[in-house]
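Below is one structure, written out as structure tokens; the observations come after it.
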Amino acid sequence: MSAFAVERVAIERDRMALLVRVDGGPAAHLSPAAAERLRAARPRLARHACLNAEGAPFGDILARTSLPHVLEHLIIDFQAEMNDRSAATFVGTTEWLNEREGLARVEVNFTDDLIALAALKAASALMEGMVD
């Protein structure tokens, strides 16, 4: 098994729900170098709003947050780029279902299921290249 895997995708009425498994659970995160590469590849991530314990923008916590949380924000970022509806707002949540087993649920809303799936594919491919 790789260090990071999307095990299941469920398309609901207005959102996509993912079952994500990560070796190391909540403690697994991007290295500082990988976080910098990701910021360079997707500069809008630095400005993403994010409800987190630090009250900081997502870019400030990128190297300290869980890999499923990074995936959530990447999917949102790719959807915003791919979607031709400039007024669309994308939001998501990440929750640990079983920290010991590294199992998390990521949900992201969408306006178009095909764009959401394309965003998931792009985000997953980028994550594969970033996870050390």
Kindly establish whether E12 is more than 15 Å from the chain's Cα centre (by Cα) and free of Cβ contacts under 8 Å to residues at least 24 places away in the same chain.
-> yes
The helices (runs of 4 or more DSSP H) lying wholly within the stretch 1-94 that contain at least 1 residues that are among the polar types (S, T, N, Q) and at pLDDT 90 or above are 67-82
Among residues belonging to the stretch 97-132 that are touching a residue at least 40 places away in the same chain (Cβ under 8 Å) and basic (K, R), point out the one that is surrounded by the fewest Cβ atoms within 10 Å (Cβ to Cβ).
-> R100
Here the residues within the stretch 68-83 that are within 13 Å of D112 (Cα to Cα) and in contact with an Asp or Glu (Cβ under 9 Å, 6 or more places away or on another chain) are Q79, M82, N83
Sole exception among (1) touching a residue at least 40 places away in the same chain (Cβ under 8 Å); (2) within 18 Å of V106 (Cβ to Cβ) for A41, by number | (2)
Is it the case that the stretch 112-129 has a residue that's among the hydroxyl-bearing types (S, T, Y), out of contact with any Cys (no Cβ under 9 Å at 6 or more places or on another chain) and in a loop (DSSP other than H, G, I, E, B)?
-> no
Check on R21, under 14 Å from D77 (Cβ atoms), charged (D, E, K, R) and surrounded by 11 or more Cβ atoms within 10 Å (Cβ to Cβ) = no
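The values are calculated or read from the model by the stated rules, or taken from the named source; none is laboratory data. Since this is a predicted model, take the numbers as computed values, not measurements. Please note: Cβ atoms are built from the backbone with ideal geometry, for glycine as well, and neighbour counts cover all protein chains shown.
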